[in-house]
Amino acid sequence: MREVKCPYCNYKNDLTNIFADGVPEDNETDWECRKCGKEFEIQIEFEPCFSASKIIYENCDKCNKSTRYINKRGSTYPFPEKYKGNKLCKECFHDELRNEYKW
């Protein structure tokens, strides 16, 4: 549960639904204390969140280049419809799009 103490009466206000209308642009919002009714300002701070995953290298179906940045049919939009393969490296992807759209 997200709580913040009112700076006037020290009541712990429940902020569980603070993001119901989205995150404010400046990460600050006004809040009315549920106990004393006074309005105060809340500063929203986000701490970095770290995670790890394996680096996966795949080969391009067209040039066979091994890369970690592969464009896949079904997960990259727009994917060149005329191309018969399923995986393209960045360079081949752009070449195929140019060929398809005659850039």
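Near D14: Cβ cut-off under 13 Å, other residues only, Lys/Arg at +1 and Asp/Glu at -1. The net charge is +3. A helix-only calculation puts the chain at -3500 deg cm²/dmol for mean residue ellipticity at 222 nm, using -39500 (n - 2.57) for each DSSP H run of at least four residues, averaged over all residues. Over the stretch 3-43, Cα pairs under 8 Å with separation of 6+ residues give a relative contact order of 35 percent. Peptides 20-28, 91-99, 35-43 ranked from most to least packed by the mean count of surrounding Cβ atoms within 10 Å: 91-99, 35-43, 20-28. With R₀ set to 41 Å, the beta-carbon distance separating E100 from K54 gives a calculated FRET efficiency near 0.80. Partner lysines whose Cα lies under 18 Å from the Cα of K82, excluding those fewer than 8 positions away in the same chain, are identified as K62, K72, K90, K102.
What does a probe at R2 reach in the stretch 21-40, counting residues whose amide N is under 19 Å from the point 7 Å along Cα→Cβ? Flagged as within label range: 21-35, 39-40.
Straight-line reach from K35: taking Cα to Cα under 19 Å and skipping same-chain neighbours fewer than 8 places apart, the lysines in range are K5, K12.
Over the chain, the hull volume per residue, using the convex hull of the C-alpha atoms, is 171 Å³. Couplings 3J(HN,Hα) of the stretch 36-48, computed from phi: 8, x, 6, 8, 9, 9, 10, 9, 9, 10, 10, 8, x Hz, in residue order, whole Hz [Karplus 6.51 cos²θ - 1.76 cosθ + 1.60, θ = phi - 60°; x for Gly and Pro].
Throughout, read-outs are computed from the coordinates displayed, never taken from laboratory work. From a predicted model like this one, the values you see are computed outputs, not experimental measurements. As a convention, Cβ positions derive from the backbone with ideal geometry for all residues, glycine included, and neighbour counts pool all protein chains shown.
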